[in-house]
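Accompanying notes for the structure given below.
The values are calculated or read from the model by the stated rules, or taken from the named source; none is laboratory data. Everything quoted here is computed from the prediction, not taken from an experiment. Every residue, glycine among them, receives a Cβ derived from its backbone with ideal geometry; neighbour counts consider all protein chains shown.
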Amino acid sequence: MSQPALTSNNLDAFWMPFTANRQFKKNPRLFVGAEGMYYKTADGRQVLDGTAGLWCCNAGHARPRITEAVQRQIAELDYAPAFQMGHPHAFELAARLSALMPSPLDHVFFTNSGSESVETALKMAIAYHRVRGEGSRTRLIGRERGYHGVNFGGISVGGIVANRKMFGTLLGGVDHIRHTHDLERNAFSRGQPDNGAEYAEELIRLVQLHDPSTIAAVIVEPVAGSTGVLIPPKGYLKRLREICDQHGILLIFDEVITGFGRLGSPFAVDHFGVVPDLVTTAKGITNGVIPMGAVFCSSDVHQAFMTGPEHLIEFFHGYTYSGHPVACAAALGTLDTYEEEGLLTRAAELEDYWADALHSLKGTRHVIDIRNIGLIGAIELEPMAGEPTKRAFTAFLNAYEAGVLIRTTGDIIALSPPLIIEKSEIDRLVDTLRTVLEALD
Ligand code: PXG
């Protein structure tokens, strides 16, 4: 395809999401192509993808199975109504997805994004209690520093201050447990930190404060991503599950970034051996190629809705594009690619090499912590005095100029390369970062 001419005039109309718009438009960074581990920039450079797009292109870019599946599907059936009608690929995909997830998480509700998966799961949880005659359980509990997308439910249970403070009173009836970040005790941990399982006990405090009869669900990211990669302390998630079980509270894992192989197993559920009642996913479900999300729920949750007269709708929720045929085709092509290339477990094979490479940055200028799990890494920097976020943002700009794409949030660099990364590319990523960090003010 020919490239549209770029003038300041035509950059102006697009109000970019989560972007410093004025800074960007003065010196735009535009990708025009992608293949395997690399993006191609508008000025013809190759940039190593250290972030799998936005944590979504787990199989790398331009994968033929996915491209062909999408092309075929558009020509065959471009759209089918999502309500009161169906098409075969949605059923095929749901069955394949549920086979990937441990039982009893064997039902799947389709959405178009992580944010929509979160809204869907929260509504499902509240409605579940109501259909069972426990309509007083409406309260939702999230966690400080949690990211659950940008819709009102998600920012209400989320705990990222900048994402909440501009938007009024949010949902009522929401409370938060504390985050698990503890640099003092856990800095430079490899994998799960040793200290902090006791932070789960905060949930007991909230259960006592609000009474279990008012609480519908607790939602957490098994590994918090967007906030700058917070890895759960050993024993923490298991303890959350126990407390939820004791009090009839549903546990929701938001696996939008941990799903589809990021930790070296298909889902964090497998990795941590803790089975929640609902799991939200998106991103890697289609390798980022077509927007799609999915909520997994337990057979108990699903069964609770399957009562009453059969001609009545059981759950008044859904999207025009739930289970869109083209998204389903992309997801099926993605699952084929993951399976053929063993990508859902490849992060486990690379984890030690990845951890060694990342932790070799200990002692590099400005670095106050390094964290890793699966093919996720984070490097926390000492903020510049009086100018938080600036040091990491400058690192991002300089790494991009040096041919490596990283993500930053606050003063934390987050890394999540496609699961096809080779060891030589891990070396290049880390060596570039070392050079960039040493040169920073
Ligand atoms: N839950 C979690 C745990 C997420 O990480 C969402 C929900 C929302 O997904 P959608 O598809 O609505 O964006 C996310 C998204 C980053 C970054 O660099 C992370 C996300 C999105 C964009 C950037 O950390 N996570």
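Please go through the range 290-319 and give me each residue that is over 19 Å from Leu122 (Cα atoms) and either away from the ligand (no atom under 13 Å from the Cβ) or of a type in the set (Ser, Thr, Tyr) (or both), ordered by number. Of everything in the range 290-319, those that are over 19 Å from Leu122 (Cα atoms) and either away from the ligand (no atom under 13 Å from the Cβ) or of a type in the set (Ser, Thr, Tyr) (or both) turn out to be Thr307, Gly308, Pro309, Glu310, His311, Leu312. Here Gly261 does not fit the description of being within 11 Å of the ligand (Cβ to nearest atom) and either crowded, with 24+ Cβ neighbours inside 10 Å or of a type outside the set (Asp, Glu) (or both).
If you filter the range 397-411 down to residues that are in contact (Cβ under 8 Å) with a residue 40 or more places away in the chain and of a type in the set (S, T, N, Q), you find that the one that is farthest from the ligand (Cβ to nearest atom) is Asn398. When Ser103 is tested against (1) touching a helix residue (DSSP H, G or I) at 6+ places or on another chain (Cβ under 7 Å); (2) surrounded by fewer than 22 Cβ atoms within 10 Å (Cβ to Cβ); (3) among the hydroxyl-bearing types (Ser, Thr, Tyr), exactly one condition is not met: (1).
Pick out the one residue from His61, His87 that is more than 25 Å from Tyr147 (Cα to Cα) and in contact with a Cys (Cβ under 9 Å, 6 or more places away or on another chain). Just a single option satisfies the conditions, and that option is His87.
Number of residues in the range 225-248 that are touching a helix residue (DSSP H, G or I) at 6+ places or on another chain (Cβ under 9 Å), of a type in the set (Val, Ile, Thr) and surrounded by fewer than 24 Cβ atoms within 10 Å (Cβ to Cβ) equals 1.
When the range 133-186 is filtered for residues that are in a helix (DSSP H, G or I), surrounded by 18 or more Cβ atoms within 10 Å (Cβ to Cβ) and more than 15 Å from the ligand (Cβ to nearest atom), only Asn186 remains. Checking the range 200-211 against the condition returns a match, with at least one residue being assigned to a helix (DSSP H, G or I), more than 14 Å from the ligand (Cβ to nearest atom) and within 20 Å of His271 (Cα to Cα).
Within the range 274-328, track down each residue that is small (Gly, Ala, Ser), part of a loop (DSSP other than H, G, I, E, B) and either in contact with a Pro (Cβ under 9 Å, 6 or more places away or on another chain) or in the same structural domain as Leu419 (by TED's automatic domain parsing) (or both).
Kept after step one, since they are small (Gly, Ala, Ser), are these residues of the range 274-328: 282, 284, 288, 293-294, 298-299, 304, 308, 318, 322-323, 327.
From what is left, the residues that are part of a loop (DSSP other than H, G, I, E, B) are 282, 288, 298, 308, 318, 322-323.
Scanning the range 274-328 gives Ala282, Ser298.
Pairs meeting the criteria (first residue in the range 150-176 and farther than 19 Å from Asp254 by Cα and modelled with pLDDT of 95 or more, second residue within 16 Å of the ligand (Cβ to nearest atom) and basic (Lys, Arg), beta carbons under 9 Å, at least 6 apart or on different chains) are Leu170/Arg164. Residues of the range 93-132 that are touching a Pro at 6+ places or on another chain (Cβ under 8 Å) and either modelled with pLDDT under 95 or within 16 Å of the ligand (Cβ to nearest atom) (or both): Asn112, Ser113.
Is it the case, given these coordinates, that Ser189 is over 26 Å from Val301 (Cα atoms), more than 16 Å from the ligand (Cβ to nearest atom) and either touching a residue at least 60 places away in the same chain (Cβ under 8 Å) or assigned to a loop (DSSP other than H, G, I, E, B) (or both)? Spell out the reasoning first.
Numbers: over 26 Å from Val301 (Cα atoms): yes; more than 16 Å from the ligand (Cβ to nearest atom): yes; either touching a residue at least 60 places away in the same chain (Cβ under 8 Å) or assigned to a loop (DSSP other than H, G, I, E, B) (or both): yes.
Spelling it out, Ser189 is indeed over 26 Å from Val301 (Cα atoms), more than 16 Å from the ligand (Cβ to nearest atom) and either touching a residue at least 60 places away in the same chain (Cβ under 8 Å) or assigned to a loop (DSSP other than H, G, I, E, B) (or both).
Scanning the range 357-368 turns up at least one residue that is part of a strand (DSSP E or B) and in contact with a helix residue (DSSP H, G or I) (Cβ under 8 Å, 6 or more places away or on another chain).
Inspect all residues belonging to the range 231-247 and state whether any of them is of a type in the set (Gly, Ala, Ser) and within 16 Å of the ligand (Cβ to nearest atom).
Let us first name the residues in the range 231-247 that are of a type in the set (Gly, Ala, Ser), namely 235.
Still in the running and within 16 Å of the ligand (Cβ to nearest atom): none.
Within the range 231-247, not a single residue is of a type in the set (Gly, Ala, Ser) and within 16 Å of the ligand (Cβ to nearest atom).
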